[in-house]
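First the structure, in the form of C-alpha cells, and then the observations on it.
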Number of protein chains: 2
Amino acid sequence: MTRIFNEPENFVDDQLAGFADLYADRLRAVPGGVVSRQGGQPQVAVVIGGGSGHYPAFAGLVGPGLATGAVVGNIFTSPSAAQVYSVAKAADQGRGVILSFGNYAGDTMNFGIAAARLRKEGIDTRIVIVTDDIASAQTEQQRRGIAGDFTVFKVMGAAAAAGQGVDDVERVGLAANGATRSLGAAFSGCTMPGADTPLFTVPEGQIGVGLGIHGEPGIRDEALPTAADLAATLADPVLAQAPDEAGTRVGVILNGLGTTKYEELFLLWGLIAARLREAGLEVVDPEVGELVTSLDMGGVSLTLMWLDDELAEYWTADTYTPAYRKQQTPLAGMVRGASGETGVEEAESIPAATAAARQLATIVVQGLQTMAQTLHANEKELGDIDAVAGDGDHGRGMVKGVDAALDAVQHESRRGEPGAAWLLRQAGLAWAEHAGGTSGVLWGAALEAAGGSLTDERDSYAAADYVAAAAAFSGAITDLGGAAVEDKTLVDSLAPFVDTLQAGVDDGTQFGEAFAAAAAVAHQKAADTADLVPKLGRARPLADKSVGTPDAGATSFAMIVGGLAPSTPVGQRHDA
Amino acid sequence: MTRIFNEPENFVDDQLAGFADLYADRLRAVPGGVVSRQGGQPQVAVVIGGGSGHYPAFAGLVGPGLATGAVVGNIFTSPSAAQVYSVAKAADQGRGVILSFGNYAGDTMNFGIAAARLRKEGIDTRIVIVTDDIASAQTEQQRRGIAGDFTVFKVMGAAAAAGQGVDDVERVGLAANGATRSLGAAFSGCTMPGADTPLFTVPEGQIGVGLGIHGEPGIRDEALPTAADLAATLADPVLAQAPDEAGTRVGVILNGLGTTKYEELFLLWGLIAARLREAGLEVVDPEVGELVTSLDMGGVSLTLMWLDDELAEYWTADTYTPAYRKQQTPLAGMVRGASGETGVEEAESIPAATAAARQLATIVVQGLQTMAQTLHANEKELGDIDAVAGDGDHGRGMVKGVDAALDAVQHESRRGEPGAAWLLRQAGLAWAEHAGGTSGVLWGAALEAAGGSLTDERDSYAAADYVAAAAAFSGAITDLGGAAVEDKTLVDSLAPFVDTLQAGVDDGTQFGEAFAAAAAVAHQKAADTADLVPKLGRARPLADKSVGTPDAGATSFAMIVGGLAPSTPVGQRHDA
C-alpha cells in the first residue's frame, strides 16, 4: 500500500521533485523527466522511459555508463510524446538518439510520435523495443517488456559510453533484446497511491505465474511452491527458450517486484544459481535485487541474457547511476579464493569420565529430550507472550537452543563415552551458538556452569551436587545478565526455584519431591511477573505495555522445570 | 509476508548461502557470517552485526571503505558470542578489531563475551555501541540503535580504510554515534518467515511513531498524516535533539523499512530537505533508500549525523559493498548546474479567429466541462473495468486528460480570444501530455484533428461541419491506433457513433437529435464489446480474461457522448 503522498494525483510530480533534489549534483530535471549532467566527449543519447511505479526503472538508471535520460510518465501510464520529445532533445549530444522502452501499445505510440518529430528536426533517432517476457506471447515481437528492460538498457548505455556510433548502439541493443528472456511470478498485487484496494490479488497460498509490471495479474495461478520448486518454475521455462546458437555464458537478473525482501531473493538465488550451473551455464555478474519494480507488488522475476563477447563486455562495464553502480576498480585489490572457505576447528576429544559421570550423562540426554518436548509444545505461546512488548522471538530462540543442545549431546554420545559435565558444556555452547539472543547466551552459559560444577571426576553424585549445579546455573545467569528479582526476567522464577530446591534438600526431603516443589514455586513466581514493570532488556521503552503479561523468560524456565519434575534422577523420586 | 523459503528454520542459513554465492568474488563466508576478501595494506577490522532481517544491514555493508566483516544472527536475534568471535578472528588483520552494533541486551552480551575472548588472545578489541533512536529513551546511553547504525559504521569503515589506528577508529565511531539522532514511523508490521500473522499491526489509518527494527510496535500511534505532516513529525523532534555545539552540516539518511517504496521516500525527501534547509542546515551526501530494514515492515526513519570536518570526510568517502557504493570519480566529469533548469518554451500567440469560431469556442469549453463531470463521476468504474484484464489506469488517465484539457482551454480563454479550432488543438496537446498512455495519445490526436477540420476561419459553422470534425476525430484514432471494429477498442463505439451521426444529419434530422441517437448507439455498442476478445493493446496476453467485461475505452467514449447529448450547440436541438 502506498502511504506517503499529499494529493494522490500529484504523486508522480512530487516524487520526481524529491528525486531531482536528491541527485541534483548529477541529474538535471527537464519537462518530462531527467537527464544526466554528462560531461566529457559527446555520446549517443540513450533515452529510456515508460510509466512510473517501477523504480529504479527508469529515472534511477540515468548516469555514466547507462541511460542518458529517462522519461517519466504517470504511474503505469506511458509518457506523452511531448514528454519523450522534451527529454530526448535535452539528452541529445549531436551523435543521435536511441529511444528504448518495454513493448506496450501506449509507449510504442508515444515514443514513435516523438521519434518522428525528432527525425523531422534532423536528429538521427532509433527505437529499440524490449520484448523479454516469455509468458506474454508465443512470438518474440509480441512479447511485453519486463525486467529485461534492464539488460537491454545496460548494454546500450555501456556501448554509448564506449563511444560507439548510433548504428552500433542500436545494433547491440537489438542483439541484447534478442538474447534476453524473462519469466516472473507474483505473490501479491499492487495498490495505486490513494487507492484502498490493490489492482489485482493473488489468492492466498498461490502465485501468479507470468506476472506483468503494471498490476496485470499472472497468466495462470499455481499453488505457492517451496523455494526449490519456485527456482524450477522460473528457471526451466527460461532455459527452454534459449535463443538459437546461444553460448554458455549468461548475464542474470533475479528481480524483486517491490515488497519481496532481499533475504528472500538471496535464498532463491542460491537455488537458481545451482540450477543454471547444472545446465552448463557460466553466470556472469548476476544481479539480485530490485531493478524493475511494480509499486508495492510482491513477486520475483528471472531474466537471462545469453552473452557473446560483445554483450559480455558491455554487461560487465562500469556504470554509476542513482540506483545501479558497478565498478571493477574497487574489487581489483581483492584476494579472491574458493567460495565456502571457513575456519571450522577440529573437534576436541572427549575427556575421560568416571562411571558415575557417564551414568549421569544419560540423565542429561533424557532431560534435554524432555526440555525439547516442553519447548516445542509451548513455542507459539512463548512467542505470543514475548510479542506483547518484545520482539516475539523467545519461543523460537528457546526451541533453536534446545534442539541444538540435544543434537550436540547426541552427537557426543555417538562419538565416545562422555560424562555429564562434558555434555552440559557442549549443550551450553550449542545452545548459545544456535539460539542467539539474550536468553540463548544466558542458557548457554548457565548449562556450561552447571557442568563445570558437577565435573566428570566424581565416583558418585548426590542431591547436594545437583543443588550446587543448579546454583551454578543460576549464578552464571545473574552474573552475566545483571538482573535481580522483580526486574521481570528469568531470574524471577529461577532464583526462587533454586532457593526452594536448596531448602528442600537441606531439610532432608527426597530430591524428586524437592524438585517438584521448587518447580511449583517457579510456576507461581513466573505467573506473578505479570504484575511487574520490566527494568532491563530490550523491552525497556515498551515497559508499560508489558504489564499484565508475564515475562517470557521466567515463563519458559518454569515450563522447563515443570516438565522435568517427573524425570529427575532414577531412584531419587519420592514416589519411586 | 515472507514467501520464499524452504524450511522456515533454515531461512537465515539458506539466504546467507545464496548471498555468499552471489558475492563470492569479494566476500568470504565464515562460520557466523562473512568477511571481505580484503587485499592491500592491513587495516583495523570493523566487525558489525546483529540479527538478520535488516538487509542490507549487516552483510550487505561489508567491503572496501565500510565493514571488514559482518556477524549474521538469526532473524531479529543477536548472534552468539561464538559467531562474533569466529567472524572477528577471520576479519582481524593484526591492527585491532572494532565490534559495533545497535544497543540491545543480547547483542551487548554476546559481543561483550566475544571481545573478552579476543582480548584474552591478545587482539586489541574495542566496542562501539549505536544509540541513535531518540524515541526509545531519554538518556543517550539507554537508547536503541536503529538506522543510525549505518552512519556510525560508515564513518568507522572509512577511517579504517584511510589507515587510522584502532584508537582513532574507535574515537571517530564514538563521535559519529554522539552526533547521530534518528526517529522512525511504522505503517505496518512485519512477519517472520513461516508465520501467518505479523509481529504487530498498526491500526488502519494510523502510524506508529518511534518504531523499532525488530517488530517492536511504535511508542505511540497517531493518525496517518499527509506527507508534509510526516516530514514535520520526523524532522522536528530530531532537530530539537541536535547535539551540543553541533555545526550546520548534516549527513542524512531517509531509510525505508522494507515495503515502503522508493517513490514514496523520494516524495518525503523533497519535503524533509526543504525543512532541513529552512533550519539553516547544509545537507551533505543524503542517502534515501533501504539501509536498515525490518523484514517486510512498512515505515520510514530519518537519521541526521551532525558533521565536523573529520566526520564529513569519512561520511563522503568512497566505499564499495554489495548494497552501498559511493565513488566521487564517476561524478568528476559532470557539468553541474543549478537544479530545476528546464527547457520550457515560450507560449505561442493565439491566432486570429472569426466571430463564429470564437462563439463556437465557448461551446468547446462547456463541452469539456461536461466531459470532465462525466469522467470524474465514472473514474472508478472505468478503472475497475480496465483492471479486469488490463492495468486499471483507464479511469485515472481519462480524468487526467480531460482536466488538463479543460485547464488548457480556460487558460487560453483568459489570455486572449481563441477560436474553437485553436482550443481543440490546445486541449489535444494538454490531454496527450498529461493523460499519457494509449488512450491519452489517441484522444489528444483526435481532438487536434477535430480542431484542424473545423478551422477558425469560417464565418459560420453548420451541422455538416460538426460531422466532418467528428469524422476527423475518428480518422485520427483509426490511423494512429490501427484498430478496426470488433477489435474490442474505443473504435467499437466511436465508429458507429460517427456513422449514425452522419446518417442522421444526411437525412435532415436536427443535429441535437442525431447526436442523441448516435450517443445511444455508442452506448449499446460499448456494452456489446463485453462479448468480444481483444485483438490489440496491452491486454493481449490476458485476452480471455476480458471476455464478459466491456472495453474500457469504448465505454468511456460512450459515457462522454451520452453526457454531451443534452449540450449540443444552441438552437440545434430538436426539442429547443
What do you reckon, is A:D21 in the same structural domain as A:T151 (by TED's automatic domain parsing) and in a helix (DSSP H, G or I)?
-> yes
In this structure, does B:G212 turn out to be at pLDDT below 85, within 24 Å of the chain's Cα centre (by Cα) and in the same structural domain as B:I272 (by TED's automatic domain parsing)?
-> no
Apart from one, (1) touching a Phe, Trp or Tyr at 6+ places or on another chain (Cβ under 9 Å); (2) under 30 Å from A:G208 (Cα atoms); (3) in a helix (DSSP H, G or I) all hold for B:G392; the odd one out is (3)
Considering only residues that are within 12 Å of another protein chain (Cβ to nearest Cβ) and either buried (at least 22 other Cβ atoms within 10 Å of the Cβ) or among the acidic types (D, E) (or both), look in segment A:136-148 and name the one that is farthest from A:T108 (Cα to Cα).
-> A:S136
Report yes if A:L257 is buried (at least 24 other Cβ atoms within 10 Å of the Cβ) and of a type in the set (A, V, I, L, M, F, W, C), otherwise no.
-> yes
Every residue from segment A:352-410 that is free of Cβ contacts under 8 Å to residues at least 12 places away in the same chain, under 27 Å from the mean Cα position of the chain (by Cα) and either under 17 Å from A:G451 (Cα atoms) or surrounded by fewer than 19 Cβ atoms within 10 Å (Cβ to Cβ) (or both) = A:D384
Among the residues of segment B:299-316, is any within 13 Å of another protein chain (Cβ to nearest Cβ) and acidic (D, E)?
-> no
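This table checks each residue for (1) at pLDDT 95 or above; (2) outside the structural domain of A:V402 (by TED's automatic domain parsing); (3) out of contact with any strand residue (DSSP E or B) (no Cβ under 6 Å at 6 or more places or on another chain); (4) surrounded by 18 or more Cβ atoms within 10 Å (Cβ to Cβ).
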| site | (1), (2), (3), (4) |
| --- | --- |
| A:G508 | no, no, yes, no |
| A:A522 | yes, no, yes, yes |
| A:S546 | no, no, yes, yes |
| A:A558 | yes, no, yes, yes |
Please enumerate the residues belonging to segment A:89-100 that are within 12 Å of A:G69 (Cβ to Cβ) and not polar (S, T, N, Q).
-> A:K89, A:A90, A:A91, A:D92, A:V97, A:I98, A:L99
When every residue in segment A:303-317 that is hydroxyl-bearing (S, T, Y) and in contact with an Asp or Glu (Cβ under 9 Å, 6 or more places away or on another chain) is compared, the one surrounded by the fewest Cβ atoms within 10 Å (Cβ to Cβ) is A:T316
Go over the candidates A:V441, A:V467 one by one and state the one that is more than 14 Å from every other protein chain (Cβ to nearest Cβ) and surrounded by 21 or more Cβ atoms within 10 Å (Cβ to Cβ).
-> A:V467
Restricting the search to segment A:252-270, which residues are in contact with a Leu (Cβ under 7 Å, 6 or more places away or on another chain) and in a helix (DSSP H, G or I)?
-> A:L265, A:F266, A:L268, A:W269
Which ones in segment A:411-424 are within 25 Å of A:D459 (Cβ to Cβ) and surrounded by fewer than 24 Cβ atoms within 10 Å (Cβ to Cβ)?
-> A:E412, A:S413, A:R415, A:G416, A:E417
Residues of segment A:76-120 being within 10 Å of chain B (Cβ to nearest Cβ) and among the acidic types (D, E), which ones?
-> A:D107
Among (1) at pLDDT 95 or above; (2) within 12 Å of chain B (Cβ to nearest Cβ), the one test that A:V250 misses = (2)
Being assigned by TED's automatic domain parsing to the domain that holds B:V34, part of a helix (DSSP H, G or I) and in contact with a Pro (Cβ under 8 Å, 6 or more places away or on another chain), is that true of even one residue in segment B:69-77?
-> no
Taking only segment B:147-195 into account, find how many residues are among the acidic types (D, E) and either in contact with a Phe, Trp or Tyr (Cβ under 7 Å, 6 or more places away or on another chain) or not assigned by TED's automatic domain parsing to the domain that holds B:Y104 (or both).
-> 0
Here are some residues: A:Q15, A:Q41. Which one is within 7 Å of another protein chain (Cβ to nearest Cβ) and either more than 26 Å from B:L442 (Cα to Cα) or not in a strand (DSSP E or B) (or both)?
-> A:Q15
Give A:R414, A:R458 a once-over and let me know the one that is in contact (Cβ under 8 Å) with a residue 40 or more places away in the chain and among the basic types (K, R).
-> A:R458
Condition test on A:G73, is it in contact (Cβ under 8 Å) with a residue 12 or more places away in the chain, at the interface with chain B (Cβ under 8 Å from one of its Cβ atoms) and in contact with a strand residue (DSSP E or B) (Cβ under 8 Å, 6 or more places away or on another chain)?
-> yes
Pick out the one residue from A:D221, A:D244 that is in the same structural domain as A:M297 (by TED's automatic domain parsing), surrounded by fewer than 18 Cβ atoms within 10 Å (Cβ to Cβ), modelled with pLDDT under 95 and not in a loop (DSSP other than H, G, I, E, B).
-> A:D221
Checking A:A273 against (1) in a helix (DSSP H, G or I); (2) away from chain B (no Cβ under 12 Å), the condition it does not meet | (2)
Filter result for B:L501 (of a type in the set (A, V, I, L, M, F, W, C), in the same structural domain as B:L423 (by TED's automatic domain parsing) and crowded, with 22+ Cβ neighbours inside 10 Å) | yes
For segment B:44-63, enumerate the residues that are in a loop (DSSP other than H, G, I, E, B) and either surrounded by 24 or more Cβ atoms within 10 Å (Cβ to Cβ) or not assigned by TED's automatic domain parsing to the domain that holds B:A147 (or both).
-> B:V44, B:G53, B:H54, B:Y55, B:A57, B:F58, B:G63
Matching entry among B:T197, B:T233 (being of a type in the set (S, T, N, Q), within 12 Å of chain A (Cβ to nearest Cβ) and in a helix (DSSP H, G or I)) = B:T233
Selection count where residues are part of a loop (DSSP other than H, G, I, E, B), among the small types (G, A, S) and surrounded by 22 or more Cβ atoms within 10 Å (Cβ to Cβ), scope segment A:100-134 = 0
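The values are calculated or read from the model by the stated rules, or taken from the named source; none is laboratory data. Computed from a predicted structure; not experimentally measured. Glycine gets a Cβ as well: all are built from the backbone with ideal geometry, and neighbour counts include every protein chain shown.
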